[in-house]
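Everything on this sheet refers to the single structure shown next.
The values are calculated or read from the model by the stated rules, or taken from the named source; none is laboratory data. Note that the coordinates shown come from a computational prediction; the quantities given were computed from them, not determined experimentally. Cβ placement follows ideal geometry from the backbone for every residue including glycine, while neighbour counts extend to all protein chains displayed. Heavy atoms of the whole protein, side chains included, go into the accessibility calculation; ligands, DNA and RNA do not. Shrake-Rupley method; radii C 1.70, N 1.55, O 1.52, S 1.80 Å.
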Amino acid sequence: MGEHVTPLEVKWEKVLFKKSSFPDNYTDPKFLDEIKRNVHFKPIDTRTALLKSTRISTQISVTVIFWAVFLQLKDGSAIWEVTYGIFSFIIIVAYVVSFRFNNILPVLKNVFLFIAVGYGCTPVLKTLTDTISTDSIYAMSVILMLVHIAFHQYGMDGVCVSPYVSLNAAICGAICLASRLQETRHAFALLTLAVQAFALFPKLYEVLNYTIIAFTILTAGAFCCMISISVVSAILFLLSIFCVNLIFPLCFVWAQQYKNNIYGPWDEAMIFNR
Amino acid sequence: MRHVICMVSDFFYPNLGGVESHIFTLSQCLITLGHKVIVITHSYGNRVGVRYMTNGLKVYYLPIKTMHDQVVLPTLFASLSIFRNIYIRECVEIVHGHSAFSTLAHEGIVIARLLGLKAVFTDHSLNGFADISAILTNKLLEITLSGVNHCICVSHTGKENTVLRAKVPANHVSVIPNATDTTLFKPDVTKKETDQIIIVALSRLVYRKGIDLLASVIPIICKKYPKVHFLIGGDGPKRLVLEQVREREGLHERVSLLGALDQSEVHGTLLRGHIFLNTSLTEAYCIAIVEAAACGLQVVSTKVGGIPEVLPPEMIRMAQPDVSAIVSALDDAIDSHLKGTCMSPWECHQFIHRTYNWVDIATRTQLVYDDVKQQPSLSVGKLLCRYRNCGPVAGPFFVLIFTICHILLQFFEWLYPRHLIDIAPDYNNEKGL
């Protein structure tokens, strides 16, 4: 549609109720003037991104330690007692530091209940997955642990964040693995470790917020566990930690320059004071 | 220049709404201007096949089942044959699709372009950019609009929105507002209560129409003004919220929930009111406020979307979409009513009659058709190149789909050549008009 020549004094207005001498497809220089970009956007600096990413790698390390203990138990290696002992010691120290033992009786009661019921029910695990092949159990456990890592809360709310899904997936994976152990004592040890690693540890992490300390200790611990299994797995673990802790955060910081959220009068209004 | 136009949309009579009435009235006006117009929509219940409406407006109700919210399942391939047949039978020159949410409109336009016909698209709504559904809808719209000859929006805000979300060049988009039949919306002061102030709200009772805001405003206004009564027309999931407020505040005598209104009941309901309240959270144009103004009501509305463009400041009080601002605007309107300082109902009516009449809208749409008809035809290759530029993933994917469509159309041309398809007689020529 040909642009009509209009007198200079006639000014285009963004209204429909006035008869206009401009053609219907006329585009004024003020077009898209009301557009706003990245209104609620708070850029994250490199330091913050690197620091926050340690939360993810810490959880990966915890999961790796759990798997390492399972493999040690499965192979009948005595090292599992050391790994288990160190992890339990860290949890107890963290509990003491977080002043949760102000009233020790309810805590001891819960611990006793868990040990009694848990140990009593552990023999059932042996027959629980008899009809399922070991390969299927391993595959299922890997998937469940990945679900646990993916859905974990990491101290924030998001679309794919669900602490319930995360915890259930981890415990379910732990039960699957425990059912493949020969001794009741071993199966029970693995379940208690699962509760410590996937239920207690994240809570303590939030309370204490010792980000760097937890990251250093657990990454080192997980690496040692991996080395004891195989060099290849240790290298793969280090590679994944390197990606999660360095490559991905830096990519994220770099990608922020391309963030382009558009806001304008067409957006659905938000209701505040209802 | 006489055109043969085919309106395509999922939304049409017997369904009632803004898009439906727009298509029907625009078609009627275009027929009056001497053009041939047909409508393609999907079946509604047992309304399947060809039906004739006022002035011989021919409507094809395609035997396609709806998927969700009166929209058909997007298949494209399944519709190819029937669309081709109709376009050839009716000698269609321009296909005019309506509404970004209409699957049928998207399919109709794509098939028309592959057949070498001209295409125009009217976007009646606003859409965001952030959520998943918006991203998918916008990508589909971008694909469709990359092939159309021209686009129409009902407000300048709508144009901005469409240009951004569908990446259409701004000069390919015309702004032609909606209109209303003012003969159906005339003021009548004798119908109004003199001892009460009646606030009317007519809309679908859904979240995006701001029913939560309305529910918060009602008790505050009722407490402030003992003479104020609310008439609320419409139905939807948010009706429960209004019923709860009415129950909790004991406002059964002062808040009437009329339920879903028939088109014929709207005028009568508006005539009973003094103030029209619109609390929409997003709106491209809002025909309801135009109809209310035509009936001489004072209009109070949220300042969202294209609403600030529709009525002049002396005819509307706009408020930010929050409770206190709406209450303040209503205070102002009630005060103006009590003092008698508001614009006279007939002045309002005359203004709407002059500004938003269908003859003007149809004439402006006709200019778009004239321009579109003069544009050179695109070869299928060039058309596919346009689609290819719609993104690194979506582009090639849709090129593949449309290439298959093109091959199927060639197959249909061989199987059922166009010279074997009977040309439908023109209703108006038959009648000797």
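Descriptive notes on the structure:
This table checks each residue for (1) in the same structural domain as B:Leu114 (by the TED database); (2) open to solvent by 30 Å² or more (accessible area, probe 1.4 Å); (3) more than 30 Å from B:Ile176 (Cβ to Cβ).
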site: B:Ala329; (1), (2), (3): no, no, no
site: B:Asp332; (1), (2), (3): no, yes, yes
site: B:Leu338; (1), (2), (3): no, yes, yes
site: B:Trp346; (1), (2), (3): no, yes, no
site: B:Gln350; (1), (2), (3): no, yes, no
site: B:Thr365; (1), (2), (3): yes, no, no
site: B:Lys373; (1), (2), (3): yes, yes, no
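- Unique residue being open to solvent by 20 Å² or more (accessible area, probe 1.4 Å) and closer than 30 Å to A:Lys259 by Cα when the list is B:Ser146, B:Ser99: B:Ser146
- Take the conditions (1) touching a strand residue (DSSP E or B) at 6+ places or on another chain (Cβ under 9 Å); (2) more than 30 Å from A:Leu32 (Cα to Cα); A:Tyr263 misses just one of them, which is (2).
- Region B:127-143 - residue that is of a type in the set (A, V, I, L, M), open to solvent by 10 Å² or more (accessible area, probe 1.4 Å) and within 13 Å of chain A (Cβ to nearest Cβ) and, of those, nearest to B:Ile111 (Cα to Cα): B:Ile135
- Selected residue [part of a helix (DSSP H, G or I), open to solvent by 10 Å² or more (accessible area, probe 1.4 Å), within 9 Å of another protein chain (Cβ to nearest Cβ) and within 27 Å of A:Ile35 (Cβ to Cβ)] from B:Pro321, B:Pro308: B:Pro308
- Exactly one residue among B:Gly34, B:Gly18, B:Gly56, B:Gly49 is small (Gly, Ala, Ser), farther than 23 Å from B:Ile423 by Cα and touching a residue at least 12 places away in the same chain (Cβ under 8 Å), and that residue is B:Gly18.
- Of residues in region B:160-187 being under 18 Å from B:Gly18 (Cα atoms) and without any contact (Cβ under 8 Å) to a residue 60 or more places away in the chain, the one surrounded by the most Cβ atoms within 10 Å (Cβ to Cβ): B:Val175
- B:Lys303 meets each of the listed conditions (1) among the basic types (Lys, Arg); (2) closer than 30 Å to B:Lys159 by Cα; (3) away from every other protein chain (no Cβ under 14 Å) apart from (3).
- Meeting the requirement of 1 or more residues that are within 14 Å of chain A (Cβ to nearest Cβ) and touching a helix residue (DSSP H, G or I) at 6+ places or on another chain (Cβ under 8 Å), the strands (runs of 3 or more DSSP E) wholly within region B:172-254 are B:173-175.
- Selected residue (only one of A:Leu167, A:Leu177 is more than 14 Å from every other protein chain (Cβ to nearest Cβ), surrounded by 13 or more Cβ atoms within 10 Å (Cβ to Cβ) and under 17 Å from the mean Cα position of the chain (by Cα)): A:Leu167
- For B:Cys6, the requirement of being of a type outside the set (A, V, I, L, M) and in contact with a strand residue (DSSP E or B) (Cβ under 6 Å, 6 or more places away or on another chain) is met.
- If you check B:Asp332, B:Asp422 for being part of a loop (DSSP other than H, G, I, E, B) and away from chain A (no Cβ under 14 Å), only one passes: B:Asp422.
- The condition of being at pLDDT 85 or above and either out of contact with any Cys (no Cβ under 6 Å at 6 or more places or on another chain) or of a type outside the set (A, V, I, L, M) (or both) holds for A:Thr46.
To keep it simple, each residue is scored yes or no on (1) among the basic types (Lys, Arg); (2) within 22 Å of B:Val8 (Cβ to Cβ).
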| position | (1), (2) |
| --- | --- |
| B:Thr137 | no, yes |
| B:Arg165 | yes, yes |
| B:Val168 | no, yes |
| B:Val175 | no, yes |
| B:Asn178 | no, yes |
| B:Leu184 | no, no |
| B:Pro187 | no, no |
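- Any hit, region B:188-208, residues being of a type in the set (D, E, K, R) and open to solvent by less than 10 Å² (accessible area, probe 1.4 Å): no
- Test: residue in region B:281-304 that is basic (Lys, Arg), surrounded by fewer than 18 Cβ atoms within 10 Å (Cβ to Cβ) and free of Cβ contacts under 8 Å to residues at least 60 places away in the same chain: yes
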